[in-house]
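Read the figures in this text as sums done on the coordinates, not as results from a lab. Because the structure is a prediction, the values reported are computed rather than measured. So basically every Cβ, Gly included, is an ideal-geometry build from the backbone, and we count neighbours across all protein chains shown.
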Amino acid sequence: MSARLPVEGVVQGVHHVQLSYPAHLQTQMERFYSDGLGLPRIVHAQVLAYLAGAQRIDLVPRSTAGLGGERLGHLALQVAGVEALQQRLQAQGATALAVVRVAEGWRFYAKDPAGNTLELLQPAPLAAPRPRPAVATQGAVGQPAMADSAWAVAA
């Protein structure tokens, strides 16, 4: 990792939440999050993804209920000083995996005392953002169409 990364190890906020659902409910999930909640759908990986304010909700299908698919769900926290935080959790006896470089920055996974999975993510600096084509879509009733510079809105 670069020496430019903060070293204090602090949580700055929620980055995203990932939830799983039975694959056969995809149409109902899309209707609930798009039409029911009025959230704009965005293009992100191979999942249903929506913006809820500045945070992202990822919905991942599981093909067979009861085979551990529910463990796909996790809370992702945006942090500064990812290495310091990982070391602090390990020193306290928590399960905390190694910090790895990913497309979005640096991250590690940890378990809380109840076994819930946390993703702790330090985003890469935005000095040279990658261009992403944003496609404006019709917003919810009474809302303008939206094209976000950070996330491409699904057509």
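Using the Cβ atoms and a cut-off under 12 Å, what net charge is assigned to the surroundings of His15, where Lys and Arg are +1 and Asp and Glu are -1? All intermediate terms of the calculation are to be shown ahead of the outcome.
Details: positive: Arg56, Arg107; negative: Asp58, Glu104, Glu119.
Residues close to His15 contribute a combined charge of -1.
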* To do: Evaluate E = 1/(1 + (r/R0)^6) for Gln90 and Ala45, where r is the Cβ-Cβ distance and R0 equals 22 Å; express this FRET efficiency to the nearest 0.05.
  => 0.20
* How high is the FRET efficiency from Arg31 to Ala98, r the C-beta distance, R0 41 Å, rounded to 0.05? -> 0.55
* Compute the distance in nm between two label points, each set 7 Å from the Cα along the Cα-to-Cβ direction, one at Lys111 and one at Val17. => 2.3 nm
